[in-house]
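See below for the structure under consideration.
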C-alpha cells in the first residue's frame with residue numbers, strides 16, 4: 001500500500017489518497033498516469049496487471065489499486 | 001462551380017442522407033439534418049446579435065453539438081476558437097487577449113465554469129443559439145460575401161515565450177487538405193470514424209470535415225477509455241469503427257498491454273497515425289494483428305492546416321528502422337533547405353502550398369519568423385512555412401524525420417515548447433533560473449530550477465498556468481544552474497542528469 005502511495009504521490013502530490021475514491025471519475029488520473037502507474041507497479045512490486053483488470057473500478061482509489069495488487073499477488 | 005466554402009460539404013450531404021447519424025458521443029447523437037439546422041440557427045443567432053467576421057470562442061463539452069456550434073460560426077461568417085475545460089485559466093486568459101473575442105458559446109455543462117473565466121463579452125448558451133429561428137436573408141448575405149481565403153478557425157499551440165500562438169486557417173486551406181487527405185485514406189460513406197483527438201486541435205479536422213463531405217459517421221470515443229485498453233478495443237468493435245486517425249500513444253496503449261491478441265479491434269480497416277514516432281515493435285504488433293488493414297503514417301504541422309506528408313506502412317519494420325514520413329500530399333511541396341538556404345537532401349522542412357495557413361492570429365512578429373519568403377524564389381512574393389523539423393530523403397525519395405531544430409517536443413500528440421514551460425516557471429516567485437528537459441525514454445519532462453521556492457510550490461504554481469500535458473513529471477531544485485563554457489544553461493548535462501532521476 002505504501003509503495004503504491006509513493007508512486008501516486010510522484011504523479012500527483014496534491015491529492016489525499018486516503019479519502020479520494022474518484023481518481024478516474026474525476027479525471028485526476030489520466031492515461032499518462034495509468035500507463036506510468038502500471039509500469040511502476042510492475043517495476044517496483046513485480047506485479048503485472050493484466051489488461052482485463054484495467055477497468056475504472058480498480059483504479060478509482062488507493063485502496064482499490066492496493067486490493068487489485070494484493071489479489072494479483074495471491075494468484076501467483 | 002468550384003467549392004469555396006467548407007459548408008458546401010454539409011449542404012450537399014444533408015440533401016442525400018438527412019436522417020443518417022453524423023456525430024455521436026456517449027450522451028448525444030446528431031443526424032446530418034439536425035447538424036445542418038442547428039448550425040444555421042446558431043449562425044442566425046450570432047448574426048442577429050451583430051456578430052460577423054470575428055472570432056467566436058467555443059467552450060463546450062466534446063460533443064456533436066460542439067461541431068454544430070463550429071459550423072454555426074462559419075454560417076455567421078465568423079471563425080471558431082475552441083477552448084477546453086482542461087486548459088488552465090491563464091492560458092484561456094491569453095486567448096481572450098489575443099482574440100479580443102466579444103462572444104463565447106458554452107453549453108449547460110460548461111456554463112458555470114465559463115462564467116468563472118472572467119470573460120468580458122457575451123456568454124451565449126448553445127441551447128438558445130440552436131433554437132434561434134433561421135434568418136435566411138442574413139445567412140444568404142454572409143454567403144454571398146464570403147470568400148475562400150476568409151478564416152474559419154483559430155487553434156492555439158504552444159509558444160516558446162510563454163504566450164500560445166493562434167494558428168488561423170481559411171476555407172481554401174481546409175478544403176485542399178480534406179480533399180487530398182481523403183483521397184489518400186480512401187474515406188467514403190461507409191467510413192465510421194472513431195475520434196480521439198481533442199476538438200481544440202487541428203487533428204480533429206480529419207474526422208469532422210470528411211464526415212460531412214462523404215456522409216460518413218463519426219463516433220467520439222469517450223476520453224476515459226484511452227486508459228483502459230480492453231474496453232477501448234471492445235468499444236471499437238461494438239461501434240463498428242473502421243477508421244482511426246490517432247496519435248501514436250493511443251495506439252501503443254493498446255498494443256503494449258498485449259490486448260491485440262485476445263481483444264483485437266478487428267473492425268478496423270484504416271489506421272492512420274502520426275504526430276509522434278511509432279516504436280517499431282509496437283507498430284509490428286498492430287500490423288500482425290490486423291493484416292488486412294491499411295497503416296498510414298502522417299506528418300504535418302498545424303501551420304500547414306493538418307498533415308502534409310503520408311507514407312503507406314505496408315510492411316513490417318526492423319528494430320532500429322524508422323517509419324518514413326513519406327511524400328507530400330498532392331498540391332503540397334516539401335523543400336529541404338540546408339544552413340545556406342539551398343535545396344539539399346537533408347535539411348529543414350519548408351512547406352509550400354495552399355494548405356499553408358494564414359499565420360498566427362494577431363501576432364505579426366511570430367508570423368514573420370516562421371511564414372517566410374520561399375528562399376528559392378526571389379521573383380515574386382511567396383510565403384512558405386518553415387517547420388523547424390529536420391528531415392532527410394532516403395533512397396526511395398521518402399522523407400525521414402530526424403529531429404527538431406529547437407526545443408520543441410511531442411508528447412501524446414501535443415506539441416510542447418520547453419521554452420513555454422520555462423517562461424511560466426520564471427513567472428513564479430522565488431525562481432532565479434530554470435531549465436526544462438525531456439526524458440524521451442520515460443516520456444517525462446524534468447524541470448530544474450534555482451531559487452528560494454520549494455519544489456512543491458513550483459509544482460503547484462505550474463498547475464495553475466500550464467495545461468496538464470505540459471506539466472513536468474519531476475521538479476528538481478538545484479543550488480547552482482550548470483552552465484556551458486560560453487555561459488548558457490548546460491542542457492546536455494541536465495538531460496543526462498534527468499535520466500538518472
Lone unmet requirement of (1) in contact (Cβ under 8 Å) with a residue 60 or more places away in the chain; (2) touching a strand residue (DSSP E or B) at 6+ places or on another chain (Cβ under 9 Å); (3) surrounded by fewer than 18 Cβ atoms within 10 Å (Cβ to Cβ) for residue B:269: (1)
Complete set of residues in region A:9-25 that are under 10 Å from residue A:62 (Cβ atoms) and either in contact (Cβ under 8 Å) with a residue 12 or more places away in the chain or facing chain B (nearest Cβ under 10 Å) (or both): A:15, A:17, A:18, A:20, A:21, A:23
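Let me confirm something: among B:123, B:147, B:152, which residue is buried (at least 21 other Cβ atoms within 10 Å of the Cβ) and either touching a helix residue (DSSP H, G or I) at 6+ places or on another chain (Cβ under 9 Å) or under 25 Å from residue B:34 (Cα atoms) (or both)?
Step by step, each of B:123, B:147, B:152 is checked, and only B:152 is buried (at least 21 other Cβ atoms within 10 Å of the Cβ) and either touching a helix residue (DSSP H, G or I) at 6+ places or on another chain (Cβ under 9 Å) or under 25 Å from residue B:34 (Cα atoms) (or both).
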Meets criteria (free of Cβ contacts under 8 Å to residues at least 60 places away in the same chain, out of contact with any strand residue (DSSP E or B) (no Cβ under 6 Å at 6 or more places or on another chain) and either within 12 Å of chain A (Cβ to nearest Cβ) or outside any strand (DSSP E or B) (or both)) for residue B:441: yes
Residue in region B:201-234 that is farthest from the other protein chains (Cβ to nearest Cβ), counting only those that are over 16 Å from residue B:307 (Cα atoms) and in a loop (DSSP other than H, G, I, E, B): B:215
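Among the listed residues B:355, B:322, identify the single one that is in a loop (DSSP other than H, G, I, E, B) and crowded, with 18+ Cβ neighbours inside 10 Å.
Working: B:322 fails: crowded, with 18+ Cβ neighbours inside 10 Å.
Residue meeting the stated conditions: B:355.
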Residue under evaluation residue A:55, criteria (1) surrounded by 17 or more Cβ atoms within 10 Å (Cβ to Cβ); (2) within 10 Å of chain B (Cβ to nearest Cβ), criterion not met: (1)
Residue, surrounded by the fewest Cβ atoms within 10 Å (Cβ to Cβ), within region B:413-437, restricted to residues that are within 14 Å of another protein chain (Cβ to nearest Cβ) and in contact with a strand residue (DSSP E or B) (Cβ under 6 Å, 6 or more places away or on another chain): B:413
Leading residue by the ranking (nearest to residue B:487 (Cα to Cα)) among those in region B:425-438 that are part of a loop (DSSP other than H, G, I, E, B) and either in contact (Cβ under 8 Å) with a residue 60 or more places away in the chain or touching a helix residue (DSSP H, G or I) at 6+ places or on another chain (Cβ under 7 Å) (or both): B:431
Residue among B:462, B:494, B:483, B:478 that alone is under 15 Å from residue B:426 (Cα atoms) and away from every other protein chain (no Cβ under 13 Å): B:478
Selected residue [modelled with pLDDT under 90 and farther than 16 Å from residue A:12 by Cβ] from A:76, A:34: A:76
Selection from region A:26-49 of residues that are facing another protein chain (nearest Cβ under 8 Å) and surrounded by fewer than 18 Cβ atoms within 10 Å (Cβ to Cβ): A:27
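The values are calculated or read from the model by the stated rules, or taken from the named source; none is laboratory data. Predicted model only: the values in this text are computed from it and were never measured. With ideal geometry, Cβ positions are generated from the backbone for all residues, glycine too; neighbour counts draw on all protein chains shown.
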